[in-house]
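Notes for the one structure printed next.
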Amino acid sequence: MYLLDIKDITYRVKEKEIFSGLSLAIEPEEVHAILGKNGTGKSTLAYLVMGCESYIPTSGVILFEGKIINDLKIHERAQLGITLAWQEPVRLEGISVRDYLTLKKKERNPSIYLEMVGLSPELYLNRIMDKSLSGGERKRIELASIVALEPKLAVLDEPDSGIDMLSIQDIINVINVLKKNGAAVLLITHREEIAKIADRASQICNGKIICSGDPQMVAQYYKSRKCEVCIAGVCAYV
Ligand SMILES: Nc1ncnc2c1ncn2[C@@H]1O[C@H](COP(=O)(O)OP(=O)(O)OP(=O)(O)O)[C@@H](O)[C@H]1O
Ligand SMILES: [Mg+2]
């Protein structure tokens, strides 16, 4: 049985059809990279899987461990083991980094999670989650918190955005730790060096998955297509 099975969903917002028959299935413990140009709907897909407010498919179903979750609220999906690291981290302003990393298991030592993302526990555990943290620091702490939540499915929306080039390895480490802990990862990224650590990859274009398979093959296909030729929503390369 698939862990996540998205079947033929359409999603329309204000007359704009973002998805028109998108299907995607993910096995337990699979790292699956999602590639696609800006505005193709990658973050929208993440919100639909997480069940964010008002993100309900117009048609089609989303199954998690074989059960339809279309009508489940975000906290109910979190209880099932789905979690999302936002493209722009926003959650839980004002609590300490220590509390943020021990939300699920109070007895756990949060230092290991910070070390995993290359931040010193001495310097960061007592900081407050607010604007005094830099964008990259917030992003790293958000990723550390995802590991601490021990999800079955982690949706990572551009975990590499705002992270300097030298620290890409930290992100790759986090994905590997999630996998080792038994999580599947839906990995939205623009970076080929991150996509290629996935087990499989899919490219979104014109509201559908247009190519799926080996990450290097999909990345190559993505780079080689000339999207300017898409006219009136019809992709000349499909
Ligand atoms: N509430 C809304 N009203 C109108 N259009 C919307 C709304 N939400 C999303 N869109 C549009 O849907 C499309 C998909 O947006 P989305 O944020 O999912 O793209 P993305 O693939 O994540 O892009 P990026 O690579 O820039 O992060 C965009 O064209 C966006 O403008
Ligand atoms: Mg996005």
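The values are calculated or read from the model by the stated rules, or taken from the named source; none is laboratory data. All of these numbers come straight from a predicted model, not from anything done at the bench. Every residue, glycine as well, gets a Cβ built from its backbone with ideal geometry; the counts of neighbours run over all protein chains shown.
Only residues that are surrounded by fewer than 17 Cβ atoms within 10 Å (Cβ to Cβ) and either under 17 Å from LEU22 (Cβ atoms) or among the hydrophobic types (A, V, I, L, M, F, W, C) (or both) were counted across the range 56-77, and they come to 7.
Restricted to the range 1-60, and to residues that are among the polar types (S, T, N, Q) and within 14 Å of ligand 1 (Cβ to nearest atom), which residue is nearest to ASN181 (Cα to Cα)? That would be SER43. Selection within the range 155-205: residues that are touching a strand residue (DSSP E or B) at 6+ places or on another chain (Cβ under 8 Å) and of a type in the set (S, T, N, Q). The member of this set that is surrounded by the fewest Cβ atoms within 10 Å (Cβ to Cβ) is GLN203. Residues in the range 1-42 that are hydroxyl-bearing (Ser, Thr, Tyr) and either crowded, with 22+ Cβ neighbours inside 10 Å or in contact with a His (Cβ under 7 Å, 6 or more places away or on another chain) (or both): TYR11 only. Scanning the range 44-88 for residues that are more than 24 Å from GLY162 (Cβ to Cβ), outside any strand (DSSP E or B) and either of a type in the set (Phe, Trp, Tyr) or in contact with a Ser or Thr (Cβ under 6 Å, 6 or more places away or on another chain) (or both) yields a single hit, THR58.
Does the range 71-82 contain any residue that is touching a strand residue (DSSP E or B) at 6+ places or on another chain (Cβ under 7 Å), more than 14 Å from ligand 1 (Cβ to nearest atom) and free of Cβ contacts under 8 Å to residues at least 12 places away in the same chain? The answer is no, given that none of the residues of the range 71-82 is touching a strand residue (DSSP E or B) at 6+ places or on another chain (Cβ under 7 Å), more than 14 Å from ligand 1 (Cβ to nearest atom) and free of Cβ contacts under 8 Å to residues at least 12 places away in the same chain. Just one of the listed residues (SER167, SER161, SER145) is under 16 Å from SER43 (Cβ atoms), among the small types (Gly, Ala, Ser) and touching a residue at least 40 places away in the same chain (Cβ under 8 Å), namely SER161. Under 9 Å by Cβ, and 6 or more places apart or on different chains, what pairs join a residue from the range 27-38 that is at pLDDT 95 or above with one that is small (Gly, Ala, Ser) and within 11 Å of ligand 2 (Cβ to nearest atom)? From residues that are at pLDDT 95 or above, the pairs are ILE34/ALA46.
For the range 92-104, indicate whether the set of residues that are surrounded by 21 or more Cβ atoms within 10 Å (Cβ to Cβ), away from ligand 1 (no atom under 13 Å from the Cβ), hydroxyl-bearing (Ser, Thr, Tyr) and over 14 Å from the mean Cα position of the chain (by Cα) is non-empty. So far as the range 92-104 goes, yes, one or more of its residues are surrounded by 21 or more Cβ atoms within 10 Å (Cβ to Cβ), away from ligand 1 (no atom under 13 Å from the Cβ), hydroxyl-bearing (Ser, Thr, Tyr) and over 14 Å from the mean Cα position of the chain (by Cα).
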